[in-house]
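Undergrad: I am attaching a structure below and will ask some questions about it afterwards.
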Amino acid sequence: MGVKLTKDSIDLGIIVSDSAKALAFYRDTLGFEHVGDMPMPGSVMHRLMCGTTLIKVIKPEKDPPAKSAPGGIQGSTGYRYFTISISNIAEVVAACDAGGYKVVVPVREFRPGITIAIVEDPDGNWVEFLQAS
């Protein structure tokens, strides 16, 4: 049977410890378009567009009882990173570095014609950037 998609992308929810810091990263540094806020029980969802993907940044009123395991890709099971395909990887990674965000994997050729880099958001979530030449 399989999934019958009604949208060509996913919506991604990111639970954060500080909305202002998360918005400074995703909206101000990466340039995701802020399309609005939506009240939720016990929090507010900040809605940002990355292409056709909706990024939902949520800071719960009450801090969750656990934090994500550190260690990036190999730190634990579960969702560990997401990838954004872009055409200006050096510029984006330089802006992240200048903004004080940790560049976990500097810009490098992953395989012929594919360049990647990984940056950590304010909560330690990994965002991979991929540029195909």
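The values are calculated or read from the model by the stated rules, or taken from the named source; none is laboratory data. Keep in mind that what you see is a predicted model, and the values were worked out from it rather than measured. Counting neighbours? That spans all protein chains shown, and the Cβs are built from the backbone with ideal geometry, glycine included.
Undergrad: Within the stretch 40-56, is there a residue that is in contact (Cβ under 8 Å) with a residue 60 or more places away in the chain and assigned to a strand (DSSP E or B)?
TA: There is no residue in the stretch 40-56 that is in contact (Cβ under 8 Å) with a residue 60 or more places away in the chain and assigned to a strand (DSSP E or B).
Undergrad: Considering the stretch 1-27 alone, what residues qualify as being part of a helix (DSSP H, G or I) and in contact (Cβ under 8 Å) with a residue 40 or more places away in the chain?
TA: Of everything in the stretch 1-27, those that are part of a helix (DSSP H, G or I) and in contact (Cβ under 8 Å) with a residue 40 or more places away in the chain turn out to be Ser19, Lys21, Ala22, Ala24, Phe25, Tyr26.
Undergrad: Please specify each residue of the stretch 102-133 satisfying the condition of being β-branched (Val, Ile, Thr) and either touching a Lys or Arg at 6+ places or on another chain (Cβ under 9 Å) or buried (at least 16 other Cβ atoms within 10 Å of the Cβ) (or both).
TA: Answer for the stretch 102-133, where residues must be β-branched (Val, Ile, Thr) and either touching a Lys or Arg at 6+ places or on another chain (Cβ under 9 Å) or buried (at least 16 other Cβ atoms within 10 Å of the Cβ) (or both): Val104, Val105, Val107, Thr115, Ile116, Ile118, Val119, Val127.
Undergrad: Right, next: Looking only at the stretch 52-73, decide whether some residue is of a type outside the set (A, V, I, L, M), in contact with a helix residue (DSSP H, G or I) (Cβ under 8 Å, 6 or more places away or on another chain) and not assigned by TED's automatic domain parsing to the domain that holds Trp126.
TA: Within the stretch 52-73, one or more residues are of a type outside the set (A, V, I, L, M), in contact with a helix residue (DSSP H, G or I) (Cβ under 8 Å, 6 or more places away or on another chain) and not assigned by TED's automatic domain parsing to the domain that holds Trp126.
Undergrad: Collect the residues in the stretch 57-93 that are under 18 Å from Trp126 (Cβ atoms), outside any strand (DSSP E or B) and either at pLDDT 95 or above or aromatic (Phe, Trp, Tyr) (or both), keeping them in residue-number order.
TA: Tyr79, Ile86, Ile89, Val92, Val93
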